[in-house]
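Participant: I have a structure I would like to understand better, so I am pasting it below and will then ask my questions one at a time.
Just so it is clear, none of the values below were taken in a lab; they were calculated from the coordinates. The structure presented is a predicted model; accordingly, all values stated were derived computationally and were not measured. Heads up, the Cβs are rebuilt from the backbone with ideal geometry, glycines too, and the neighbour counts pull from every protein chain shown.
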């Protein structure tokens with residue numbers, strides 16, 4: 001396999017895993033970020049987050065001199081392929097996605113790309129973005145000779161990100177025009193990067209920019225809808241005396257429905273599903289079809305109600321929560337992760353505290369994949385409340 005010189009711009013959760021995985025495929029990779037502390041941590045071979053298998057491929061890449069990290073765009077000017085792994089958080093004043101990190105990275109990259117003298121260069125977006133973003137960013141690069149933009153959305157699951165990168169269930173390529181010879185050359189360049197993955201017959205689909213962007217947005221919206229659906233059914237089960245696990249097991253046996261994401265509980269959180277369904281709805285409204293995706297508001301509302309329901313159940317069992325000692329087992333938004341972004345567990349803890357309970361949150365010790373009796377006291381309401389509670393109060 002031919003080695004490709006690659007840069008990954010933005011080495012948060014997505015970018016760091018992607019950079020280490022590309023090095024594990026045998027490519028020469030430079031990860032770039034403006035966060036100097038994160039760069040130093042990764043360069044030292046330490047994972048700034050918990051993800052099973054990540055430290056192993058990080059160490060292999062560094063030891064093989066196939067992976068390094070930098071804060072200087074000049075260090076990536078000679079790369080053949082640049083992956084964009086920047087975050088697209090929810091806007092501070094609305095539901096839409098904040099694209100400022102992506103835009104700043106593309107503009108900074110455009111300043112160093114002319115050093116390649118017009119040699120074929122591929123810029124590949126990995127971030128979750130609203131439809132139309134790729135075409136907008138392509139416009140910011142059109143003055144740089146030899147540069148082509150593609151969109152290649154990620155479908156990572158936290159806790160399985162290394163496997164999902166190296167052994168994906170599909171690869172989606174978004175191009176500006178599926179009939180354009182320039183796009184065909186770009187597809188060939190990305191195929192070379194993913195050669196080992198494609199050898200294992202991973203499905204590869206080529207489509208327009210907007211379709212590729214909507215694949216990711218639609219997938220996340222569908223998963224969120226499925227979770228909220230079974231949680232809505234759980235509310236019906238509570239008042240009728242039915243067991244929601246029996247209902248979920250039975251309907252999941254229908255292969256048109258499937259059993260995945262049908263586990264009733266406290267709802268979804270994390271840095272993706274909540275903000276992505278809101279961004280999808282905001283994008284639909286901007287494009288004049290907000291009514292078509294209006295049901296996502298209720299998907300979001302059902303999810304929020306589950307958190308309040310946990311507190312209500314505690315009140316039903318304990319009576320007045322003021323002064324009662326309550327422990328929340330687990331701080332992250334899902335197993336096999338230390339990600340507390342929009343964590344339902346921490347939201348519940350904050351609601352309990354607001355009701356007067358004395359709350360302790362425990363978490364599994366970092367880098368341990370399963371819960372244990374050694375869980376550490378992470379926060380109690382006798383201390384300064386964490387940012388999650390400060391924002392709610």
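Participant: Before anything else, pin down the relative contact order of segment 1-83: Cα pairs under 8 Å, at least 6 apart, normalised by residue count, whole percent. Spell out each step's value before the answer.
Facilitator: Numbers: 139 pairs, mean separation 32.5, N = 83.
Here the relative contact order equals 39 percent.
Participant: Helix-derived [θ] at 222 nm for the chain: sum -39500 (n - 2.57) over DSSP H runs of at least 4, divide by residue count, nearest 500?
Facilitator: Numbers: 14 runs with 172 residues, N = 393.
For the chain, the value works out to -13500 deg cm²/dmol.
Participant: By how many nm would the segment from residue 225 to residue 64 grow when fully extended, if each residue of separation counts as 0.36 nm and the alpha-carbon distance is taken off?
Facilitator: Values: separation 161, 0.36 × 161 = 57.96 nm, distance 4.33 nm.
Net length gain for the segment: 53.6 nm.
Participant: Okay, moving on. For the chain, what is the percent of antiparallel DSSP beta bridges, rounded to the nearest 5? It would help to have the intermediate numbers written out before the result.
Facilitator: Details: 6 of 38 bridges.
Rounded to the nearest five, the antiparallel share is 15 percent.
Participant: Using a 10 Å cut-off around each Cβ, can you sort 73, 13 from fewest to most neighbouring Cβ atoms? Display every interim value, and only then the final one.
Facilitator: Values: 73 18, 13 22.
Listing 73, 13 from fewest to most nearby Cβ atoms yields 73, 13.
Participant: Something else: If you find the alpha carbon centre of segment 1-43 and of segment 175-200, how far apart are they in angstrom?
Facilitator: Going from one Cα centre to the other spans 21 Å.
Participant: Tell me, 263, 309 in order of fewest to most beta-carbon neighbours within 10 Å?
Facilitator: Numbers: 263 14, 309 17.
Going from least to most buried by this count: 263, 309.
Participant: Which FRET efficiency value, to the nearest 0.05, is calculated for residue 34 and residue 140 with the Förster distance at 22 angstrom and r the Cβ-Cβ distance?
Facilitator: On the way: r = 18 Å, r/R0 = 0.83.
Once rounded, the FRET efficiency stands at 0.75.
Participant: Label points 7 Å out from Cα along the Cβ direction at residue 312 and residue 254: separation in nm?
Facilitator: 2.7 nm
Participant: Turning to a different aspect of this structure: Cα centroid distance between segment 85-102 and segment 238-312, in Å?
Facilitator: 22 Å
Participant: Which value results for Rg/Rh of the chain when Rg is the Cα radius of gyration and Rh the Kirkwood radius based on the inverse mean 1/r? List each step's numbers first, then the result.
Facilitator: Values: Rg = 22.5 Å, Rh = 22.7 Å.
Over the Cα atoms of the chain, Rg/Rh equals 0.99.
Participant: Quick one: grab Rg to one decimal and Dmax as a whole number for segment 159-314, Cα atoms only, in Å.
Facilitator: When restricted to the Cα atoms of segment 159-314, Rg and Dmax are 19.4, 62 Å.
Participant: Using the beta-carbon distance between residue 104 and residue 334 and R0 = 35 Å, what value does 1/(1 + (r/R0)^6) give for FRET efficiency, to the nearest 0.05? Walk me through the intermediate numbers first.
Facilitator: Working: r = 30 Å, r/R0 = 0.85.
For residue 104 and residue 334, the calculated efficiency is 0.70.
Participant: Tell me the Rg and the Dmax, in Å, that the Cα atoms of segment 245-331 produce.
Facilitator: Here Rg and the maximum Cα pair distance are 17.2, 50 Å.
Participant: Nearest 10 degrees, 0 to 90: what angle lies between the long axis of helix 295-318 and the longest principal axis of the chain (Cα atoms)?
Facilitator: Roughly 40 degrees between the two axes.
Participant: Using only the alpha carbons, work out the radius of gyration and Dmax of segment 58-116 in angstrom.
Facilitator: 14.9, 45
Participant: Right, another one. In what order do 100, 337 fall by count of nearby beta-carbon atoms within 10 Å, going from fewest to most?
Facilitator: Details: 100 13, 337 20.
The most exposed by this proxy come first: 100, 337.
Participant: Still on this structure, please answer the following. If one takes the longest principal axis of the Cα atoms in the chain, at what angle in degrees, from 0 to 90 and to the nearest 10, does the Cα axis of helix 100-112 lie?
Facilitator: Long axis of 100-112 versus the principal axis of the chain: about 20 degrees.
Participant: Taking the 0 to 90 degree range and rounding to the nearest ten, how far is the long axis of helix 344-354 tilted relative to the main principal axis of the chain, both from C-alpha atoms?
Facilitator: 40 degrees
Participant: Sticking with this one: Could you give the semi-axes, largest first, of the ellipsoid that matches segment 5-216, computed as the square roots of 5 times the alpha carbon gyration tensor eigenvalues and rounded to whole Å?
Facilitator: Numbers: eigenvalues 110, 75, 70 Å².
Calculated on Cα positions only, the semi-axes equal 23, 19, 19 Å.
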